[in-house]
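First up is the structure itself, then whatever we jot down about it.
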Amino acid sequence: MMINGAGATFPYPIYSKWFDEYAKVDPSVRFNYQSIGSGGGQKQILAQTVDFGASDGPMSDDNLSKAPGKILHIPTVAGAVVITYNLDGNPALKLDGDTIANIFLGKIKNWNDPKIAASNPGAKLPDKEIVVVHRSDGSGTTFIFTDYLSKTSGEWKEKAGNNTSVNWPTGIGGKGNEGVAGQVKQTPGALGYVELIYATQNKMPYAEIKNATGEFMKPTLESITAALATADIPDDFRFSMTNAPGKDAYPIAGATWLLVYQQQKDAAKGKKLVEFLKWSLTDGEKMAKDLQYAPLPESVQQRVLTRIGEIKM
Amino acid sequence: MAPPSRFGDKAFQWLTLAMALTVVVLVVLTGWQLWRGSSLAIQKFGLHFLVTSTWDPVAEQFGALPFIYGTLVSSLIALLIAVPLSIATAVYLTELAPLWIRQPLVSLIEMLAAIPSVILGLWGIFVMVPWLRDYPFPSRKRLFGWTPFFSGPIYGTSMLAGGIIIAIMILPIITSVSREILRSVPDLQREAAYALGATRWEVTRIAVLSYARKGLFGAVILGLGRALGETMAVTMVIGNTPQIAASLFKPGYTLASVIANEFTEATTDIYLGALFEIGLVLFGVTIVVNLIAQVLLKTMTTSTSATRAVQ
């Protein structure tokens, strides 16, 4: 039996790992996943051309209302977005949401701005223009980042807002995480945002970010899971985990979702899909850390499993 | 008894006609599909789409002007760089180069055409852009910084970098087509010019280039067609900022790039419609540019025959 899915690119590495491993658990079912992007994933599940969709952002009410049946959001793993930069000697930096928003609004233009210096006493900040780098392609990373900025800066919310791509007030656009990482690496004085794994793989420095309780947090798998554990998660699982209230939570993080119909059309396929979902939320979650994804905390796992149990054949 | 050959001729004629018509049908279908996909955006924005500069997916306000500008300017820069280079290369290869060097050079140029554009783009980010930023750009700024075209801060990624990468990508096609055209110039032309005592340069200029003018123009148009639609490599070095700035050091954006960048993650209907309309605009720009080229070609040929008649 073949189960087809399509959507987000961010979780693609772990999903393909799951499909591989699951083939050993249940050899009778095979998965075909196309990482065509979250927009494509949402469109395909709405058109019922796939058995499940995948998205880095929850579906809007508008899009859900177009669905022929009820669509469930199944969160799987989470990841962090980090602020990376290129300065001589790569000093450790601490930034807060307001400062980041002002940099991306083009209001803080220079590295020696007092607002940056205020949270970095002792750091050598050069008299140099900040070259802002952002994603040019629509992406879940941008969605998470602008969601965070919209929560921490009223001005950002009003001027740019939150989406997979926005009308950037300043800066240059790089294509993909690799484009932004490359741009920042190549440009002295640059600052941009990428997924955590791109910064660690490229050995680029990334800032500690002030969270909702006033602590400066490094992005780690633990601090992301801490954000998940304290985020306000409604019963439909369409949540945002940026600026989560936990003391140990890293504030710029987001989950990724699988999208499935609550009422499955094909009973045999639906049964296999549910078995797979249950497996991925339990055994699958244990593989997340190896691939640099943050697993769901126990409490959330249980709630999601209950919801999976409500899928009808 | 009807001769069997006549049926074969007819069948062949119909078959080729059908093939030729598929091309027309494909073009029409593409246009129609783009029109249908963008109908929502066309209804909402009308002609304003072509003349406004805001591209805001959050507020769902869309205008294509900076992208149209970026596509035309980057292609123009590419042509300014690539045309003299390609035609000079083609002249060298057909008229001047010693025989043993021709084949290796031709193979090298063809290899350039075979580099996938995404690879060229990565090379662009990691090698070309830093080099441009550190050496050629600052010196241009020192020399020409007083003009608006070379003013402002230098980031490397820029309209100029986009134009240069397109130039590299269209070099091979213009060179190889030009070379074929120069090779097809009859030797009689050259011999006649030599017989009149022309120098090598005069032979090349009068007997070869002038004779092949129309064909060379066609080669340039082929290159331009590629330049307008070039996507991946350009998007990696152009900076992807929808703005209209005189300075070539500022980042820009092209029609093809914005589609490639934003299509996969566009979730709302109007956003998708706007991206479809960008495709429609690109389709239109390509057709208009080609039509202008055809007209230019016409005037060029008639004026040539006119001068001939006078002589």
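Things to note:
- Residue match in the stretch A:234-251 (condition: of a type in the set (S, T, N, Q), over 20 Å from A:Gln42 (Cα atoms) and either in a strand (DSSP E or B) or touching a residue at least 12 places away in the same chain (Cβ under 8 Å) (or both)): yes
- Looking at A:Gly161, A:Gly174, A:Gly138, A:Gly179, just one residue is of a type outside the set (Lys, Arg), at the interface with chain B (Cβ under 8 Å from one of its Cβ atoms), crowded, with 17+ Cβ neighbours inside 10 Å and out of contact with any strand residue (DSSP E or B) (no Cβ under 9 Å at 6 or more places or on another chain), and that residue is A:Gly138.
- Among the residues of the stretch A:116-135, those identified as within 14 Å of chain B (Cβ to nearest Cβ), of a type in the set (A, V, I, L, M, F, W, C) and closer than 23 Å to A:Met217 by Cβ are A:Ile130, A:Val132, A:Val133.
- Filtered by the rule that a residue be away from chain A (no Cβ under 11 Å) and touching a residue at least 12 places away in the same chain (Cβ under 8 Å), the stretch B:133-154 gives B:Phe137, B:Pro138, B:Lys141, B:Pro148, B:Phe149, B:Phe150, B:Ser151, B:Gly152.
- Residues that are buried (at least 16 other Cβ atoms within 10 Å of the Cβ) and farther than 15 Å from B:Thr231 by Cα, drawn from the stretch B:70-84: B:Ile77, B:Leu79, B:Ile81, B:Ala82, B:Val83
- In the stretch A:259-278, the residues that are touching a helix residue (DSSP H, G or I) at 6+ places or on another chain (Cβ under 7 Å) and either in a helix (DSSP H, G or I) or under 26 Å from A:Phe143 (Cβ atoms) (or both): A:Leu259, A:Val260, A:Val274, A:Phe276, A:Leu277, A:Lys278
- Summed over the stretch A:136-166, residues that are of a type in the set (Gly, Ala, Ser) and either at pLDDT below 90 or closer than 17 Å to A:Gly37 by Cβ (or both) total 5.
- Matching residues in the stretch B:69-124 - criterion: being basic (Lys, Arg) and in contact with a Pro (Cβ under 6 Å, 6 or more places away or on another chain): none
- The residues of the stretch B:252-271 that are in a helix (DSSP H, G or I) and facing chain A (nearest Cβ under 8 Å), listed by number, are B:Ser257, B:Ala260, B:Asn261, B:Glu262.
- Evaluation of B:Ile244 against the conditions (1) away from chain A (no Cβ under 14 Å); (2) over 25 Å from the mean Cα position of the chain (by Cα); (3) touching a residue at least 24 places away in the same chain (Cβ under 8 Å); (4) more than 24 Å from B:Leu171 (Cβ to Cβ) shows that the sole unmet condition is (2).
- Test: residue in the stretch B:107-121 that is on the phi < 0 side of the Ramachandran plot, among the charged types (D, E, K, R) and in contact (Cβ under 8 Å) with a residue 60 or more places away in the chain: yes
- In the stretch A:147-158, the residue that is nearest to B:Pro251 (Cα to Cα) out of those that are within 12 Å of chain B (Cβ to nearest Cβ) and touching a Ser or Thr at 6+ places or on another chain (Cβ under 7 Å) is A:Trp156.
- Identity of the residue in the stretch B:242-280, β-branched (Val, Ile, Thr) and touching a Leu at 6+ places or on another chain (Cβ under 8 Å), that ends up nearest to B:Leu65 (Cα to Cα): B:Ile244
- Spans of strands (runs of 3 or more DSSP E) in the stretch A:134-215 with at least 2 residues under 14 Å from A:Ile252 (Cβ atoms) and touching a residue at least 40 places away in the same chain (Cβ under 8 Å): A:190-195, A:208-210
- Note on the stretch B:243-257: residues that are buried (at least 24 other Cβ atoms within 10 Å of the Cβ) and over 13 Å from B:Ser74 (Cβ atoms) amount to 1.
- Looking across the stretch A:235-287, the residues that are β-branched (Val, Ile, Thr) and crowded, with 19+ Cβ neighbours inside 10 Å come down to A:Thr242, A:Ile252, A:Thr256, A:Val260.
- Filtered by the rule that a residue be farther than 14 Å from B:Asp269 by Cα and loosely packed, with under 14 Cβ neighbours inside 10 Å, the stretch B:34-47 gives B:Gly46, B:Leu47.
- Residues that are buried (at least 20 other Cβ atoms within 10 Å of the Cβ) and of a type in the set (Phe, Trp, Tyr), drawn from the stretch B:119-149: B:Phe137
- All helices (runs of 4 or more DSSP H) inside the stretch B:150-244 with 2 or more residues being β-branched (Val, Ile, Thr): B:159-183, B:213-229, B:232-237
- Residues located in the stretch B:49-58, provided they are loosely packed, with under 14 Cβ neighbours inside 10 Å and more than 14 Å from chain A (Cβ to nearest Cβ): B:Val51
- Residue check for A:Asp113: closer than 23 Å to A:Val184 by Cβ, surrounded by 14 or more Cβ atoms within 10 Å (Cβ to Cβ), of a type in the set (D, E, K, R) and within 14 Å of chain B (Cβ to nearest Cβ): no
- Applying the condition of being out of contact with any helix residue (DSSP H, G or I) (no Cβ under 6 Å at 6 or more places or on another chain) and within 11 Å of chain B (Cβ to nearest Cβ) to the stretch A:185-197 and asking which residue is modelled with the highest pLDDT yields A:Gly189.
- Residues that are over 16 Å from A:Phe10 (Cα atoms) and not in a helix (DSSP H, G or I) within the stretch A:279-295 comprise just one, A:Asp283.
- Within the stretch B:192-212, the presence of at least one residue that is in contact with a helix residue (DSSP H, G or I) (Cβ under 8 Å, 6 or more places away or on another chain), among the basic types (Lys, Arg) and farther than 16 Å from B:Gly70 by Cβ is confirmed.
- A:Thr225 part of a loop (DSSP other than H, G, I, E, B), touching a Leu at 6+ places or on another chain (Cβ under 9 Å) and not aliphatic (A, V, I, L, M): no
The values are calculated or read from the model by the stated rules, or taken from the named source; none is laboratory data. Because the structure is a prediction, the values reported are computed rather than measured. Counting neighbours? That spans all protein chains shown, and the Cβs are built from the backbone with ideal geometry, glycine included.
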